[in-house]
Amino acid sequence: MRLEGRFCRCCGYLAPGEFVGGATKVAKRRRLQFAIHWWVDSALHHGAHRPWPLPTGTWVMKQIWHDLLFAHWPLPADKLRPQVPAQLALDTFEGYCWVGVVQFRMSGIRAHGLPAIPGLSRFPELNVRTYVTYGSKPGVYFFSLDAANLAAVWAARRFYHLPYFRAAMTSKEIGGGIHYYSRRLRGEAEFRGHYRPTSDVSLREKGSIEHWLTERYCLYATCENQVFRGEIHHQQWPLQDAEAEIEMNTVAAASGISLPGSPLLNFARRLEVLIWPLRRAE
């Protein structure tokens, strides 16, 4: 049977004639849209804010980060230098290094070209980090990362040389605030507290401490005295000021870091992130 007609873009109904040779034009269009959705991410069209061009090659993973709290403390460089590999230069803002404890939950985790896998695509994560440079590229160095997913812990250790640990974790929104709990299954590393945004969303200006802390587009790891870099991409952080009540925080101490006083707090509701494979840094 051969029909002639057209497809209505407004209502989505097939007009007579879309079935030609057993296949439909709309089916072909939908297959093309599906392929574009999984292979070409819209975030790649936004790169003017980046400090260097988008990485070459194909990204390998996408993640969506939700309800994220940046909690940052300043520390003198001499207090942090023994904890960071000598190949990486400590990055400082107005003379101080900064240590971050960052908690959030992830969803939509998927490999390039594939859909998310149920049971493996959403879980909380918490990391302890500082900021470094290598080869003129500023990035993030992780002291530890806790995740509530055994497969993710194994894969990140195996393929990214990152110090991931499995933890019992929850992240719940209650009364407009985020109640967060993390306890490492082995060792003494625990975080318990709640936080909420206190201002409207804004894109922080270059030169501000918030921009310096958050606008970083690679991570660093070391293995057998080699430095590796993992490139990432996302749109500029949609930050809000935040308040938090931290009842327990021993995750930095588990890495030998003592945190002083009260932290600088920032909140982000949602951010989509693309990740490239780890490569040896030149």
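Read the figures in this text as sums done on the coordinates, not as results from a lab. None of the values given here were measured: they were computed from a predicted structure. Methodologically, a virtual Cβ is constructed for each residue, glycine included, from the backbone with ideal geometry; neighbour enumeration extends over all protein chains shown.
What the Cβ-Cβ distance of ARG279 and SER107 gives, at R0 = 30 Å and to the nearest 0.05, is a FRET efficiency of 0.65. With a ≥ b ≥ c taken as the square roots of the eigenvalues of the C-alpha gyration tensor of segment 165-282, please select rounded if a/c is under 1.5 and otherwise prolate if a/b is larger than b/c or oblate if it is not? Since a/c reaches 1.5 but b/c is at least a/b, the shape of segment 165-282 is classed as oblate. Each residue of segment 252-264 was assigned a 3J(HN,Hα) from its phi angle through the Karplus curve 6.51 cos²θ - 1.76 cosθ + 1.60 (θ = phi - 60°); the sequence is 6, 4, 5, 9, x, 10, 9, 9, x, x, 8, x, 7 Hz, with glycine and proline shown as x. Under 10 Å, Cα contacts only: if you run a Gaussian network model on the chain, which one of LEU126, LEU203, LEU145 comes out with the highest mean-square fluctuation? Answer for the Gaussian network model of the chain: LEU203. Axis angle, to the nearest 10 degrees, between helix 150-160 and the longest C-alpha principal axis of the chain: 80 degrees. Both numbers refer to the Cα atoms of the chain; Rg and Dmax are 21.9, 79 Å.
Here the Karplus relation 6.51 cos²θ - 1.76 cosθ + 1.60, evaluated at θ = phi - 60°, turns the backbone of segment 60-65 into coupling constants of 10, 8, 10, 9, 10, 9 Hz, with x for every Gly and Pro.
If I model segment 46-94 as equal point scatterers sitting on the Cα atoms and use the Debye formula, what is log10 I(q)/I(0) at q = 0.21 Å⁻¹? Cα-only, vacuum Debye calculation for segment 46-94: -1.04.
What are the GluC sites (Glu not before Pro) within segment 149-215 that DSSP puts in a loop, where the Cβ has at most 16 other Cβ atoms within 10 Å? When the GluC sites (Glu not before Pro) of segment 149-215 are filtered for loop state and at most 16 Cβ neighbours within 10 Å, GLU188, GLU205 remain. For segment 118-214, the ratio of Cα radius of gyration to the globular rule of thumb 2.2 N^0.38 Å stands at 1.27. With only Cα atoms counted, segment 32-137 has Rg and Dmax values of 17.6, 55 Å. Would you mind checking the tilt of helix 25-39 against the longest principal axis of the Cα atoms of the chain, expressed as 0 to 90 degrees and rounded to 10? Value to nearest ten degrees: 10. Between GLU247 and ALA48, full extension at 0.36 nm per residue minus the direct alpha carbon distance yields a gain of 67.7 nm. Overall shape of segment 214-282 was characterised from the C-alpha gyration tensor. The equivalent ellipsoid obtained from it has semi-axes of 27, 21, 9 Å, in decreasing order. Rg of the Cα atoms in segment 105-164, relative to 2.2 N^0.38 Å, amounts to 1.27. Listed by chain and number, the aspartates and glutamates whose C-alpha is less than 14 Å from the C-alpha of LYS137, apart from same-chain residues fewer than 8 away, are ASP91, GLU215, GLU231, GLU282.
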